[in-house]
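Undergrad: Structure provided below as structure tokens; questions to follow.
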Amino acid sequence: MKTKEVMTRDVAYLSPDASAKDAVELLQEKEISGLPVINGNGKLVGMFTEKDVLVYILPSYIEKVGRFVYEENPKAIKRKFAQLEGVKVSQLMRREVVTVGEDVTLCEVAKMMLTQKVRRIPVVDKAGKVVGIVSRCDILKGLIREGRGA
Amino acid sequence: MLKKLILLIAISLGLGFLTRNIGLSLHQATAVSIFSVSVLGTLFFWSFRLTFAFLGTSALLLTRTIDLDHLIKFSSLEVILFLVGMMVLVGLLKDSGFFAWIVSLILRIKNLNANKFFVLICIISALLSCAVDEVTAIIFIVAAVFEICDYFEVNPTPFLIAAVLATNVGSSGTTLGNPIGILIASKSGLTFEDFMVKAFPVMLACLFASIILLKFWYRRQLAELDHKMKQLGANEILIRLISVPPEKELKTALAIFGATLLSISLHHRLEVLWGLEPNTVLLTLPLISSGLVMAWKWKKARGYIEKDVEWWTLLFFMLLFAQAGTLKYTGATDVLARNLAGLAGNSVPILTAIVLWVSTIGSSVLDNVVLVAAFIPMIQSFQGLGLNLQPLWWALLFGGCLGGNITLVGSTANIVAIGILEKERNIHVTFFRWFWVGLTVGLITTVIVWVALSFLPFYR
């Protein structure tokens, strides 16, 4: 089975100039954890995920300070979350995006998800335009269908 | 980029030709030229420093400037292993919540006022830098400064700069504060006790002077913080902001680290007692402790070695030490040392001043390990001239540490702290905002060291 048989074709996407706050609200509305970011020419320029928002609002040094537990929410985190309105999607998004073609096998996409540590991969045509998106769930559904068919 | 590369090649070749003209042999001039490529490579192309070190070291071997046996000998494996051991120990401390515990202690200071906060932050920065290393120390001091400044709604920049300056000063106090401390101890035979008796008190004097100066420099910001503290009341949310479970693990980690520090402080006596070569115990103690840590935390042992040890930096150090050793091996530094001593009239006080000020100014733009690695063979060559080396070693240590305060790029601690400030608060510290305060602290502390080394018979 190929990616084009399981991917979602009606892809919601974000503009790089959209505010991060609106982007978070769209993620909430769609009940998904990430969306592709597409510029005016229809080209994929990044991926915006919930993780990028958390990386932005939490201090960058928490890992280096070592093990501890937040017993209260620091003021800075609340302030940074409030500032999301003035932050553009392009400032937080991940620019290095893993993509696949429509004719790639499901196992190859699954392998890419595991090795590249991503949950969903945009599907692009030869011109680099996004034609769909494939998630872990789509892969599993495809594999189940394939199993039943066999 | 191309311009910088051309400049680097031109300077390195120029130095090679120049030193050939002042009496150096072909091999000696080649060693100077290749070493200068590595030094300038760190200045112009910091991200590519390991590339320059790999290529330079290969060139030294292929041109027969040094043989493999000596290259390995000069790579100072003992210093590298010491640093590996300390990095594993720091990894354990981080993992057990030690650094977060220190942050929580700072946040829990009762009856906090601006003056108390400022002085304590400077003292803790300096002392922690003595016990672990300056880069590790500054990360959690930055965390504490950010939380407190956020809570009281003031700009953290002045407090952060003060903490970094204190960290650099503190890093000169022991052999553990900075890689140059252990490098100098290893090459000079100076012990931890020597550092405690001769470097630590001077460091305290420098710290005291820095705090006074910084309190004056940032008096308006201190007044603003004081006002905010009175306005917003006690730091109650800060007091319960973070906790560090579980306690038992933290206590065990602290016990291991404390025992290591205590044994390091007694290393010279243990070496005498057991008839070992100087600094054998000093250099092996972190290995023993980290070996025990890896036995205790065997499931995480690979993680400590792979994630907590900075192999990129250590590999660079190894090759840099080997290249600097080539200067000694070929006799290049003997010729240069003879010329320099001649110019100074064989006067140790004049040479001390030269080493102190050149290393202070040099380390304000260059990585201090690079600078110290370059100076060590020169100082070793002075020994052949029958000069007393002790003040020169201390001058090199203090110059290498204190010079780092002068510019933004003078030390790794500065770069790390300013990087976090930019990322977290979007505050850009300009070169000159740092330079004026850094230069003032750098000059005053170096003068203190110069006076101590020149006038106290203790150091002669």
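The values are calculated or read from the model by the stated rules, or taken from the named source; none is laboratory data. Since this is a predicted model, take the numbers as computed values, not measurements. Cβ sites come from the backbone with ideal geometry, for glycine too, and all protein chains shown count toward neighbours.
Undergrad: Would you confirm whether any residue within region B:38-49 is of a type in the set (Lys, Arg) and in contact (Cβ under 8 Å) with a residue 12 or more places away in the chain?
TA: Checked against the condition, which is being of a type in the set (Lys, Arg) and in contact (Cβ under 8 Å) with a residue 12 or more places away in the chain, region B:38-49 yields at least one hit.
Okay, residues lined up against (1) within 14 Å of chain B (Cβ to nearest Cβ); (2) over 30 Å from residue B:236 (Cβ atoms); (3) touching a Gly at 6+ places or on another chain (Cβ under 6 Å):
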{"position": "A:7", "(1), (2), (3)": "no, yes, yes"}
{"position": "A:18", "(1), (2), (3)": "no, yes, no"}
{"position": "A:30", "(1), (2), (3)": "no, yes, no"}
{"position": "A:51", "(1), (2), (3)": "no, yes, no"}
{"position": "A:54", "(1), (2), (3)": "no, no, no"}
{"position": "A:57", "(1), (2), (3)": "yes, no, no"}
{"position": "A:66", "(1), (2), (3)": "yes, no, yes"}
{"position": "A:70", "(1), (2), (3)": "yes, no, no"}
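Undergrad: Also, quick follow-up: For region B:336-375, how many residues meet the condition of being part of a helix (DSSP H, G or I) and within 21 Å of residue B:169 (Cα to Cα)? Let's see the steps before the verdict.
TA: Going residue by residue through region B:336-375, those that are part of a helix (DSSP H, G or I) are B:336-343, B:348-363, B:368-375.
Filter once more, keeping what is within 21 Å of residue B:169 (Cα to Cα): B:352-363, B:368-373, B:375.
Total satisfying the criteria: 19.
Undergrad: Can you tell me which residue is nearest to residue B:144 (Cα to Cα) among those in region B:71-111 that are away from chain A (no Cβ under 14 Å) and of a type outside the set (A, V, I, L, M, F, W, C)?
TA: B:110
Undergrad: All but one of (1) more than 21 Å from the chain's Cα centre (by Cα); (2) more than 24 Å from residue B:378 (Cβ to Cβ); (3) buried (at least 16 other Cβ atoms within 10 Å of the Cβ); (4) not β-branched (Val, Ile, Thr) hold for residue B:308; state the number of the condition that does not hold.
TA: It is condition (1) that residue B:308 fails.
Undergrad: Tell me the residue from B:65, B:42, B:57 that is more than 26 Å from residue B:411 (Cα to Cα) and either polar (S, T, N, Q) or assigned to a loop (DSSP other than H, G, I, E, B) (or both), please. Explain how you work it out, then say what you get.
TA: On the way: B:42 fails: more than 26 Å from residue B:411 (Cα to Cα); B:57 fails: more than 26 Å from residue B:411 (Cα to Cα).
Selected residue: B:65, the only one of B:65, B:42, B:57 that is more than 26 Å from residue B:411 (Cα to Cα) and either polar (S, T, N, Q) or assigned to a loop (DSSP other than H, G, I, E, B) (or both).
Undergrad: May I ask you to verify whether residue B:203 is surrounded by fewer than 23 Cβ atoms within 10 Å (Cβ to Cβ), touching a residue at least 24 places away in the same chain (Cβ under 8 Å), away from chain A (no Cβ under 14 Å) and hydrophobic (A, V, I, L, M, F, W, C)?
TA: In short, no.
Undergrad: On the given criteria, is residue A:96 more than 14 Å from every other protein chain (Cβ to nearest Cβ), in a loop (DSSP other than H, G, I, E, B) and under 30 Å from residue B:135 (Cα atoms)?
TA: Working: more than 14 Å from every other protein chain (Cβ to nearest Cβ): yes; in a loop (DSSP other than H, G, I, E, B): yes; under 30 Å from residue B:135 (Cα atoms): yes.
When the stated conditions are applied, residue A:96 passes them.
Undergrad: Which ones in region B:61-95 are modelled with pLDDT of 90 or more, farther than 21 Å from residue B:322 by Cα and not hydrophobic (A, V, I, L, M, F, W, C)?
TA: B:91 - this is the single residue of region B:61-95 that is modelled with pLDDT of 90 or more, farther than 21 Å from residue B:322 by Cα and not hydrophobic (A, V, I, L, M, F, W, C).
Undergrad: Just checking, which of B:197, B:164, B:169 is modelled with pLDDT under 95 and either over 24 Å from residue B:81 (Cα atoms) or of a type in the set (A, V, I, L, M) (or both)?
TA: Answer to the check: B:197.
Undergrad: Looking at (1) exposed (fewer than 15 other Cβ atoms within 10 Å of the Cβ); (2) not in a helix (DSSP H, G or I), which one does residue A:122 not meet, given that it meets all the others?
TA: Exception for residue A:122: condition (1).
Undergrad: Look at region B:176-194 and say how many of its residues are more than 14 Å from residue B:372 (Cα to Cα) and either modelled with pLDDT of 95 or more or outside any helix (DSSP H, G or I) (or both).
TA: Adding up the residues that qualify gives 5.
Undergrad: Right, something else. Among the residues of region A:72-89 satisfying the criterion of being more than 8 Å from every other protein chain (Cβ to nearest Cβ) and not hydrophobic (A, V, I, L, M, F, W, C), which is nearest to the chain's Cα centre (by Cα)? I'd like the intermediate steps shown before the answer.
TA: Initial filter on region A:72-89 (more than 8 Å from every other protein chain (Cβ to nearest Cβ)): A:73, A:77-78, A:80-89.
Subset that is not hydrophobic (A, V, I, L, M, F, W, C): A:73, A:78, A:80, A:83, A:85-86, A:88.
Details: A:73: 26, A:78: 24, A:80: 21, A:83: 21, A:85: 20, A:86: 21, A:88: 16 Å.
In this case the residue turns out to be A:88.
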